[in-house]
1. What are the residues in the stretch 119-166 that are in a strand (DSSP E or B), over 20 Å from the mean Cα position of the chain (by Cα) and closer than 16 Å to residue 192 by Cβ, if any?
2. Report yes if some residue within the stretch 76-87 is in contact with a helix residue (DSSP H, G or I) (Cβ under 7 Å, 6 or more places away or on another chain) and either closer than 30 Å to residue 216 by Cβ or at pLDDT 85 or above (or both); otherwise report no.
3. Checking the condition part of a helix (DSSP H, G or I), over 27 Å from the mean Cα position of the chain (by Cα) and either modelled with pLDDT of 85 or more or not hydroxyl-bearing (Ser, Thr, Tyr) (or both), which residue from 44, 24 passes?
4. Look through 59, 90, 50 and report the one residue that is at pLDDT 85 or above, surrounded by 10 or more Cβ atoms within 10 Å (Cβ to Cβ) and either of a type in the set (Lys, Arg) or assigned to a helix (DSSP H, G or I) (or both).
5. Specify which of the listed residues (128, 99) is assigned by TED's automatic domain parsing to the domain that holds residue 184, exposed (fewer than 13 other Cβ atoms within 10 Å of the Cβ) and not small (Gly, Ala, Ser).
6. Within the stretch 93-116, count every residue that is assigned to a loop (DSSP other than H, G, I, E, B) and either modelled with pLDDT under 85 or more than 21 Å from residue 179 (Cα to Cα) (or both).
Amino acid sequence: MTKWNWDRLKTYDQLQEVAGHFLRMTNTPWAPWVVVEGTDDRYRSLTVGKILLEAMQKKLASTDKQESPVAPMVRVDTDGRNVLSELNLKLKLADKPYESELAKWQGRLSELARDPRFKARSLVCAFEGADAAGKGGAIRRIGAALDARQYQVIPVAAPTEEERAQPYLWRFWRHLPRHGHVAIFDRTWYGRVLVERVEGFCAENDWLRAYTEINDFEHELADSGGDRGQILAADQPGRATQTLQGA
């Protein structure tokens, strides 16, 4: 370890954030980034040369001037196990502790929603999960802690003719809340790469393009609001669990 290494360590988080943003904004299906190990100079140069040569040869040999992006290969678990198959669905809270925790966090949510500082913020709660996972029950419990004038629940079903005539994310853009208000989406924009992809409701190019569109959409939400919010998903009836950070 040298002084240079220690100096880089101090700014590692900032470098990761900037590099991640740069890669996300510039990575495209037709010009993807390729990660190359750079420890050995000769290996690095040889690998980059091979990648460039293969790309040029492929393009020269191609008869299709506008090649469609190819979907990434689906990951296959060799042992047949995955997160869903190993998830213990029998875990649950007893009624009394659950009611106590529910009252505690509903009270906390009510306080935060009435805090004067919330007038300069808006909140998006996006619920995603399988049918009968408990999304509706979780939404009702959130609504019970809020002023009815302060929030709106947006159920996401099959698009209307009006929505089909617009860009995909338009049906979500139009419901984004103003400051001091909450929008609760019952199903989300992730459906583009979930049920719509699986059921064949959109073409391969459409759902492949959606990954970048969704990333840009959430990036704009996070940038416009300052603090990052929470994206929630319900996994059991009446129980909501935080799954990831979002806008």
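The values are calculated or read from the model by the stated rules, or taken from the named source; none is laboratory data. Because the structure is predicted, anything quoted here is derived from the model rather than measured. Here the Cβ is made from the backbone with ideal geometry for all residues, glycine too, and neighbour counts use every protein chain on show.
1. Taking the stretch 119-166 as the starting set, the residues that turn out to be in a strand (DSSP E or B) are 123-127, 151-155.
Imposing the further condition that a residue be over 20 Å from the mean Cα position of the chain (by Cα) reduces the set to 151-152.
None; the set is empty.
2. Of all residues in the stretch 76-87, those in contact with a helix residue (DSSP H, G or I) (Cβ under 7 Å, 6 or more places away or on another chain) come to none.
Among the residues of the stretch 76-87, not one is in contact with a helix residue (DSSP H, G or I) (Cβ under 7 Å, 6 or more places away or on another chain) and either closer than 30 Å to residue 216 by Cβ or at pLDDT 85 or above (or both), which makes the answer no.
3. On the way: 24 fails: over 27 Å from the mean Cα position of the chain (by Cα).
The conditions single out 44.
4. Details: 59 fails: at pLDDT 85 or above; 90 fails: surrounded by 10 or more Cβ atoms within 10 Å (Cβ to Cβ).
Checking each option against the conditions leaves just 50.
5. Working: 128 fails: exposed (fewer than 13 other Cβ atoms within 10 Å of the Cβ).
Going through 128, 99 in turn, just one is assigned by TED's automatic domain parsing to the domain that holds residue 184, exposed (fewer than 13 other Cβ atoms within 10 Å of the Cβ) and not small (Gly, Ala, Ser): 99.
6. If we filter the stretch 93-116 for residues that are assigned to a loop (DSSP other than H, G, I, E, B), which is where we start, we get 93-94, 115.
Those still in the list that are either modelled with pLDDT under 85 or more than 21 Å from residue 179 (Cα to Cα) (or both) too: 93-94.
The total comes to 2.
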